[in-house]
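Notes follow once the structure below has been shown.
The values are calculated or read from the model by the stated rules, or taken from the named source; none is laboratory data. Only a predicted model underlies this, so the values are computations on that prediction, with no experimental measurement involved. Virtual Cβ from ideal backbone geometry, glycine too; neighbours counted across all protein chains shown.
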Amino acid sequence: MPKAYASTVIDLPAERVWAIIRDFNALPSWAGHMVARSEIEDGLAADQVGCVRSFHTHDGAHIRERLLALSDLERSYVYNFEKTPFDVQNYQATLRVTPVTDSDRCLVEWWTTFDCSPADAASWIRTFADDVFGGGLVNLKKHLGSA
């Protein structure tokens, strides 16, 4: 099962960064490079496990993701694809914020595991790690004024 991973250190406390990304529907505000608009379906709260985030990318693709777990203690959430234009299966991603204990900074990690054809694995790893997660983390830092 391939794994795509990206991380960054942000010069802000973990609680402040988690307050921004905890909102499962906040992608357009901090990851605007890829998400044009987003909504939580069926009027559910954006932190309710089981809610579905339905969003459109700037190129018009429609993606639906279900929140599988959210932990304020671990400052993390886990989600999967319900609908995607990507040719992958069993996609499950985690976004986590961890304090750096010797300073007032934090480590933000974003990763996924998924299934795909072996011939496509390297390409999907690059797409998710570099374009989606890496680009999202760069924009998160910009949004927070920490870039």
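Answer with yes or no whether ASN80 is surrounded by 14 or more Cβ atoms within 10 Å (Cβ to Cβ), touching a residue at least 12 places away in the same chain (Cβ under 8 Å) and in a loop (DSSP other than H, G, I, E, B). Please lay out each step first, then the result.
Numbers: surrounded by 14 or more Cβ atoms within 10 Å (Cβ to Cβ): yes; touching a residue at least 12 places away in the same chain (Cβ under 8 Å): yes; in a loop (DSSP other than H, G, I, E, B): no.
Judged against the criteria, ASN80 is not a match.
Does PRO28 satisfy the criteria of being modelled with pLDDT under 95, closer than 23 Å to ASP131 by Cβ and assigned to a helix (DSSP H, G or I)? Yes: the conditions hold for PRO28.
Go through VAL138, VAL78 for me and flag whichever is among the hydrophobic types (A, V, I, L, M, F, W, C) and in contact with a Leu (Cβ under 6 Å, 6 or more places away or on another chain). Unique residue meeting the criteria: VAL78.
With respect to LEU44, determine if the residue is surrounded by fewer than 19 Cβ atoms within 10 Å (Cβ to Cβ) and within 14 Å of the chain's Cα centre (by Cα). Working first, answer last.
Working: surrounded by fewer than 19 Cβ atoms within 10 Å (Cβ to Cβ): yes; within 14 Å of the chain's Cα centre (by Cα): no.
It is false that LEU44 is surrounded by fewer than 19 Cβ atoms within 10 Å (Cβ to Cβ) and within 14 Å of the chain's Cα centre (by Cα).
The residue of segment 95-127 that is surrounded by the fewest Cβ atoms within 10 Å (Cβ to Cβ), among those that are within 14 Å of the chain's Cα centre (by Cα) and closer than 18 Å to ARG64 by Cβ, is LEU95.
Of the residues making up segment 47-60, not one is loosely packed, with under 14 Cβ neighbours inside 10 Å and either in contact (Cβ under 8 Å) with a residue 60 or more places away in the chain or aliphatic (A, V, I, L, M) (or both).
Determine whether segment 110-119 contains at least one residue that is more than 18 Å from ALA31 (Cβ to Cβ), in contact (Cβ under 8 Å) with a residue 12 or more places away in the chain and aliphatic (A, V, I, L, M). No, segment 110-119 contains no residue that is more than 18 Å from ALA31 (Cβ to Cβ), in contact (Cβ under 8 Å) with a residue 12 or more places away in the chain and aliphatic (A, V, I, L, M).
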